[in-house]
1. Counting only C-alpha contacts under 8 Å and six or more residues apart, can you give the relative contact order of the range 3-213 as a whole percent?
2. What net charge do the residues around Leu198 carry, taking every other residue with its C-beta under 14 Å from that of Leu198, with Lys and Arg at +1 and Asp and Glu at -1?
3. Show me the chymotrypsin sites (Phe, Trp or Tyr not before Pro) within the range 101-174 that DSSP assigns to loop and that have at most 12 other Cβ atoms within 10 Å of their Cβ.
4. Over the range 220-318, what relative contact order in percent results from Cα pairs under 8 Å that are six or more residues apart?
5. Treating each Cα of the chain as an identical point scatterer and ignoring solvent, apply the Debye formula and state log10 I(q)/I(0) at q = 0.06, 0.09, 0.10, 0.15 Å⁻¹.
6. So what J values fall out for the range 304-318 if you push phi through Karplus, 6.51 cos²θ - 1.76 cosθ + 1.60 with θ = phi - 60°, rounded to Hz, Gly and Pro as x?
7. Can you list the HN-Hα couplings for the range 143-157, worked out from phi with the Karplus curve (6.51, -1.76, 1.60; θ = phi - 60°), rounded to whole Hz and with x for Gly and Pro?
8. Please give the calculated 222 nm ellipticity per residue for the chain, where each DSSP H segment of at least 4 residues contributes -39500 (n - 2.57) and the sum is spread over every residue; nearest 500 deg cm²/dmol?
Amino acid sequence: MSPSYYTEHPTGDLMAHATNDIEAVRRACSMGVLMTSDAVIMISFSLVFMIGISPSLTLWALIPLPFISLVVMGFGRLIHRRFERVQAVFSVLTERVREVLSGIRLLRGFAREEGIERAFAGTNQDNVNANISLIQVWGVFEPSVGLFAGTGAAIILWMGGRAVLGGTLDLGGLVAITSYLGMLVWPMMAIGWIVNTLQQGSASMKRLEKIFAERPTIASPPDPRPIPASRRIEIRNLVFSYPGLDRPALRDVNLTLEEGTTLGIVGLTGSGKSTLVRLLPRLYDPPPGTVFLGGTDVRALDLTKLRAQIGMVPQDVFLFSASLRDNIAFGRPDASEDEVWEVARLAGLAPEVAAFP
Ligand SMILES: Nc1ncnc2c1ncn2[C@@H]1O[C@H](COP(=O)(O)OP(=O)(O)OP(=O)(O)O)[C@@H](O)[C@H]1O
Ligand SMILES: [Mg+2]
């Protein structure tokens, strides 16, 4: 995707899509389908046997059951919302702890412990509150299910008991129909749960489809020109504004950099040095006809090949969780062992690396 996409969608959001939404879709496809078939089979078989024993008693006993599904649906949504809140607060808490631990020296140095403790206590209290509000719903939820399941059982005992006394139903039938009713409680709960799972799954799927439909705005041209042999860099009348901003970050830049020469650019913070460098590998797109490599507009070159020509050392150092060798050879995975060592030597790293066990 284009860099501006990541400006509009913070890393945390994308991570949330990658975990929560994918998980919700997965749950709908797996557990949702499994529980649907489970519920359908359990309900139909129990019903057939119950009706076989006593159709009228079955009808009476079934009256409270749909309420179980409704309770699960209603509470399920509430629980889901509060559970998400618990997770969100917990992630703030973890982030805060991570930040404090990694900046502990700085904190101590500035004697800022007290303020941090207060902030931490606040976040901690949020965490407690979120958990309590979740537990409160849980606390009401389970007895509500029990209430409706119990009502069904009470109806059977009352009406079935009278039928047994009146001789229209035998005792075995009453016992059997009571246990079948017990077997229906779980599938009725499952129905409520399934409805919620499928709804959440389809909402997540919509969010994911929006991401899948995104297309990078910076892409290779349909028929790219070959990478020129010359490495001359030329910039002509460049005016560049970041997407969505009116004020240009660069205005009327002209320069020619012959192959083999070195250029240092100095300027105030925010004067556009990094911006200029970002336009060459098209991390942001320069306007057509402004940035040239070996006389060819960079927009006319194949994007991957263009970027393979350019090495970059960013301002903020970033290391991947991989070996030192992989980090050094990141731009050229096919670099030989000697080349990697040569780079380590140039960076003044070699003695340290050699000292590693
Ligand atoms: N991703 C971005 N989106 C929008 N505006 C940006 C973005 N990056 C930089 N800018 C703006 O463009 C201008 C030039 O920024 P740039 O980072 O190129 O300056 P710089 O010369 O590299 O500064 P520094 O010396 O701090 O590295 C600044 O006004 C900055 O606020
Ligand atoms: Mg910069």
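1. 48
2. Computed value for this residue: +4.
3. Phe110
4. It comes to 37 percent, rounded to a whole number.
5. -0.49, -0.82, -0.91, -1.31
6. Once rounded to whole Hz, the list reads 5, 5, 4, 5, 5, 7, 10, x, 9, 10, x, 5, 9, 6, 10.
7. Per residue, the Karplus-derived 3J(HN,Hα) values read x, 5, 4, x, 4, 6, 4, x, 4, x, 5, 4, 4, 4, 5 Hz.
8. -19500 deg cm²/dmol
Read-outs: derived from the displayed coordinates by stated rules, not from any lab. Just so you know, these numbers come straight off a predicted model, no measurement behind them. Quick reminder, even Gly has a Cβ in these numbers, built from the backbone with ideal geometry, and neighbours come from all protein chains shown.
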